[in-house]
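Novice: My questions all concern the structure below.
Derivation of every value follows stated rules applied to the coordinates shown; laboratory data play no part. A quick note: this is a predicted structure, and the numbers were derived from the prediction, not measured. Neighbour counts run over all protein chains shown; Cβ positions are idealised from the backbone, glycine included.
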Amino acid sequence: MASQSPTTGAPSATDLPDYAPVPQSAYGPALNEQGYYVGRVERNLYWVTDGSYQSAFLTTNDGVVLFDAPPSIGGNIRRAVDEIASANGVSKKVTHLVYSHHHADHAGASSLFDKNVIRIGHEETKRLLQRDNDPARPVPEETFADRRTLKIGGERIELAWRGPNHSPDNIYIHFPDHDTLMLIDIVNPGWAPISMSNLSEDIPGYVAAPAIALDYPWKHFIGGHVGRLGTRDDVTLHQQYMADIDASVRKALVSVDPTPFFQKYGDNPWAAVSALFDAWTEAGAAPVIEKYKGVLAAADVYTSSTVFWVMESIRLDLGFASYVHP
Ligand SMILES: [Zn+2]
């Protein structure tokens, strides 16, 4: 009999499912005692991680430009900046903070930086942050619509909005003089996306994003999650994973026969739809899990969830396998 926590009724750890081992290549560098790692990406561009989230910063002649402020890293962003600035004898004053998008898990430590920091983001980020009215995420004073080039302390940063993907406001942050692209919540280097394609709102945009990312020249990829940076191969592998999901879902949608589900649950169409969605998801996910187990970490944990969400987009956004009553 399964043992349960007497207080919550939750299963004990021993009852929880086992998953395929995580490939060693999915992990990044060890964290320090305070629970973070800070490393050089290229020249004066650095990245900080707590193993799950990532932030980045540029040290310049005029101060530090910060890119995202995930609350899970929180005060360690300041420590990482101080550590690098004092080691290199440059200013540790954060003068600018660029938001990749409005989500609290990447921006929720923004308020740790003072009011004099200039916050920069897409105009939709500003609108969404005004809507959300969260004191942890002050709205950006400086916004842009499609593209903006920042020149700060002699450094060049290219910001671009190329349509909705993970969120309506998610932007591409290109460092042309550092061979680096920062694009958050699309590709988790070495890992499968988490729930429902990294909880993405616009799946056609999410699926198109890696090709846009690969159009830029860069060597280093800052994805916002997991404990390591990415490479062009990581982005290509993710792109192939999503293409395989797309092909597998289309196959499942035309090969699983809905008839028995509606026969069984004739008086309860929601039960029929639920069982049919489950069957489509399972048929779509199985070959993809098989192919990527041991290749992308947690492919066996999260592929079904992403398959479900991509399947709904293929049906509802693209109209694939749409049935019109005669
Ligand atoms: Zn997000």
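Novice: Alpha carbon centre of the stretch 66-128 versus the stretch 235-261: separation in Å?
Specialist: 39
Novice: With the cut-off at 23 Å, tell me which of the pairs Lys93/Lys151; Lys264/Lys293; Lys151/Lys219 have Cα atoms farther apart than that.
Specialist: Lys264/Lys293, as the Cα separations exceed 23 Å there.
Novice: Per-residue ellipticity at 222 nm for the chain, helices alone: DSSP H runs ≥ 4 residues times -39500 (n - 2.57), over residue total, nearest 500 deg cm²/dmol? Could the numbers behind the result be given before it?
Specialist: On the way: 9 runs with 118 residues, N = 326.
Value at 222 nm, helices only: -11500 deg cm²/dmol.
Novice: Restricting the count to DSSP beta bridges whose residues both fall in the chain, what percent are antiparallel, rounded to a multiple of 5?
Specialist: 70
Novice: Then there's this: Most fluctuating residue of Asn44, Asn76, Asn32 in a GNM of the chain with Cα springs under 10 Å: which is it?
Specialist: Comparing Asn44, Asn76, Asn32 in a Gaussian network model of the chain, the most mobile one is Asn32.
Novice: Mind checking Rg over Rh on the chain, alpha carbons, Kirkwood formula for Rh?
Specialist: That ratio is 1.02, to two decimals.
Novice: Compute, for the chain, the length of the dipole vector about the Cα centre, with Cβ point charges of +1 (Lys, Arg) and -1 (Asp, Glu) only. Units Debye, rounded to 20.
Specialist: Here the size comes out at about 600 debye.
Novice: How charged is the neighbourhood of Ala209? Take every other residue with its Cβ under 12 Å from the Cβ of Ala209, and add Lys/Arg as +1 and Asp/Glu as -1.
Specialist: On the way: positive: Arg162; negative: Asp185, Asp202, Asp215.
Net of charged neighbours comes to -2.
Novice: To one decimal place, what orientation-averaged projected area in nm² is obtained for the convex hull of the Cα set of the stretch 171-326?
Specialist: Numbers: hull surface 40.4 nm².
Computed as one quarter of the Cα hull surface, the answer is 10.1 nm².
Novice: If you wrap a convex hull around the C-alpha atoms of the stretch 213-282 and split its volume per residue, what is the figure in Å³?
Specialist: Numbers: hull volume 8.5 nm³, N = 70.
Output value, Cα hull per residue: 122 Å³.
Novice: How charged is the neighbourhood of Ala275? Take every other residue with its Cβ under 15 Å from the Cβ of Ala275, and add Lys/Arg as +1 and Asp/Glu as -1.
Specialist: On the way: positive: Lys264; negative: Asp257, Asp267, Asp278, Glu282.
Value of the local net charge: -3.
Novice: May I pose another question? Note down the relative contact order for the stretch 1-156 as a percent, whole number, built from C-alpha pairs under 8 angstrom at least six residues apart. Don't skip to the end; give the middle numbers.
Specialist: On the way: 251 pairs, mean separation 24.2, N = 156.
Relative contact order of the stretch 1-156: 16 percent.
Novice: Let me ask something else. Considering only DSSP beta bridges with both partners in the stretch 1-100, what is the antiparallel share in %, to the nearest 5?
Specialist: Percent antiparallel among DSSP bridges in the stretch 1-100 is about 80.
Novice: Calculate the radius of gyration of the Cα atoms of the stretch 138-185 to one decimal place, then report Dmax, the largest Cα-Cα distance, as a whole number, both in Å.
Specialist: For the stretch 138-185, the Cα-based Rg and Dmax read 11.4, 31 Å.
Novice: Place a label point 7 angstrom from the Cα of Asp177 along the Cα-to-Cβ direction, then list the residues of the stretch 135-159 whose backbone nitrogen is under 12 Å away.
Specialist: Backbone N within reach: 150-158.
Novice: While we're on this one: Report, largest value first, the span of the C-alpha coordinates of the stretch 69-179 along each principal axis, in whole Å.
Specialist: Extents along the principal axes, in whole Å: 39, 31, 23.
Novice: Compute and list, largest first, the equivalent-ellipsoid semi-axes of the stretch 1-139 from the alpha carbon gyration tensor, each √(5λ) rounded to a whole angstrom.
Specialist: 34, 22, 13
Novice: Next question. Would you kindly work out the equivalent ellipsoid of the stretch 115-231 from its C-alpha gyration tensor and give its semi-axes, the square roots of five times the eigenvalues, largest first in whole Å?
Specialist: Details: eigenvalues 98, 76, 36 Å².
So the equivalent ellipsoid measures 22, 19, 13 Å along its semi-axes.
Novice: Something else now. Specify the residue with the greatest mean-square fluctuation among Arg119, Arg315, Arg137, computed from a Gaussian network of the chain linking alpha-carbon atoms under 10 Å apart.
Specialist: Highest fluctuation of the listed residues: Arg315.
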